[in-house]
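The values are calculated or read from the model by the stated rules, or taken from the named source; none is laboratory data. In this text the structure is predicted, and so the values were computed from the model without any measurement. Ideal geometry is used to build each Cβ from the backbone, glycine not excepted, and the neighbour counts take in all protein chains shown. Just so you know, the surface numbers come from the protein's heavy atoms only, side chains and all, with ligands and any DNA or RNA stripped out. Shrake-Rupley method; radii C 1.70, N 1.55, O 1.52, S 1.80 Å.
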Amino acid sequence: MSDFLSNKAKSIEPYTPGEQPKDKKYIKLNTNESPYPPSNAVKKIITESNFDDLRLYPDPNVSDLKKEISKFYNINEKNIFIGNGSDEILAFSFMAFFNKGDKIYYPNITYSFYSVYSKLFDLKEVQIPLKDDFTIDINDYKNLNSGIFIANPNAPTGLLLSLSQIEEIASTNKNHIIVIDEAYIDFGGESAYKLTEKYNNLLVIQTFSKSRALAGMRLGFAIGNEYLIQGLKNIKYSFNSYTINRLSILAGIEAMKDKAYFEESVNKVINTREKTKVILKELGFIVPDSKSNFLFISHKNKFAEDIYIKLREEGILVRYFKTRLIDNYIRVTIGTDEEMNIFIEKIKEIIK
Ligand code: PMP
């Protein structure tokens, strides 16, 4: 029989998204979504939107949403690129800034999609080990000979680099692209978008999926020098002109406009996170100081995989990575206070 698949399609090991089981209702603390709904303004615009307009293609340039982002950050629209989730922009970045066979640097423990993309686009990944406490030693990232990807805060650790540390990396690698994946930056970090005017090698990528509660709409954006943005556009328009649908555009605009709701829900997540950290430490967990909307935790005398399985049986989903170096940790998304209270009660029983 003929083999219809390319070597790539046959051999690549794809990214595994967090599970979405349908057998019962779970408390979902496994995919870092917002525990709060999107802004009411999003609901209003979607319910009142003109249904007939759906027969028309959306604006390929996504201008109206760019306008809102440019107002929010006080930057120029020409420095913004919008993608179907930040995953898509990450993928486009691999194509826009690297050639086949190039090296690409990132931490050995980070968002696992980077490694999948490296293989998909035939790059040579170089994984730089984190320190034993999971922190990034920025000295390892100075004066490298190819591009760098850094999630900040890092995932799944939640640990943050300061703006000045990001600047040190950008300034010591002026001839190489530095992509900062800021999916979780709003939960306690300072965005490096401010540095993109000064450093033309720096691209900052953010998402609407976490702090703006729109994971279901698939929206991300990048901020950077016009030349880098043009590179992303060249890839996008060689792939699919209409990556962002009409309803997502409307939702994104309203979510950006409603700054008060954004700040309120982010602050609620931060407060719950800090309370949860204290309790988990008291219960004997190692809890790195996450500045994201999740905690990466390990217990002194209970295996992470066992905790993950028991929580699942109890109707609580968390993320467990059966991967060397982190296989005794679980990643727990911060839910509402009520969800976290239930989580804590179950955890107490499990580690008893
Ligand atoms: N970067 C990191 C570090 C993430 O954890 C995620 C979420 N899985 C993404 C990017 C992608 O987010 P999205 O495509 O929903 O914008």
> If you scan segment 73-116, which residues turn out to be closer than 22 Å to Asp186 by Cβ, among the aliphatic types (A, V, I, L, M), outside any loop (DSSP other than H, G, I, E, B) and more than 13 Å from the ligand (Cβ to nearest atom)?
Replying inline: Ile80
> Does at least one position in segment 167-188 carry a residue that is surrounded by fewer than 20 Cβ atoms within 10 Å (Cβ to Cβ), within 16 Å of the ligand (Cβ to nearest atom), touching a residue at least 40 places away in the same chain (Cβ under 8 Å) and not β-branched (Val, Ile, Thr)?
Replying inline: yes
>> With open to solvent by less than 50 Å² (accessible area, probe 1.4 Å), assigned to a helix (DSSP H, G or I) and in contact (Cβ under 8 Å) with a residue 12 or more places away in the chain as the only criterion, which of Ser209, Ser248, Ser241 stands out?
In response: Ser248
>> Please count how many residues of segment 305-321 are part of a loop (DSSP other than H, G, I, E, B) and out of contact with any helix residue (DSSP H, G or I) (no Cβ under 7 Å at 6 or more places or on another chain).
In response: 2
>> For segment 68-96, give me each residue that is surrounded by fewer than 21 Cβ atoms within 10 Å (Cβ to Cβ) and among the aromatic types (Phe, Trp, Tyr).
In response: Phe72, Tyr73
> From the residues in segment 212-238 that are within 11 Å of the ligand (Cβ to nearest atom) and among the basic types (Lys, Arg), which one is most open to solvent (accessible area, probe 1.4 Å)?
Replying inline: Arg218
> When residues of segment 308-321 are filtered for being more than 17 Å from Ile334 (Cβ to Cβ) and either open to solvent by 70 Å² or more (accessible area, probe 1.4 Å) or not aromatic (Phe, Trp, Tyr) (or both), how many remain?
Replying inline: 6
> Taking Asp140 and the conditions (1) farther than 15 Å from Phe113 by Cα; (2) within 16 Å of the ligand (Cβ to nearest atom), which numbered condition does it fall short on, given that it satisfies the others?
Replying inline: (2)
> Looking at (1) away from the ligand (no atom under 16 Å from the Cβ); (2) open to solvent by less than 40 Å² (accessible area, probe 1.4 Å); (3) under 19 Å from Asn139 (Cα atoms), which is the only condition Asn152 fails?
Replying inline: (1)
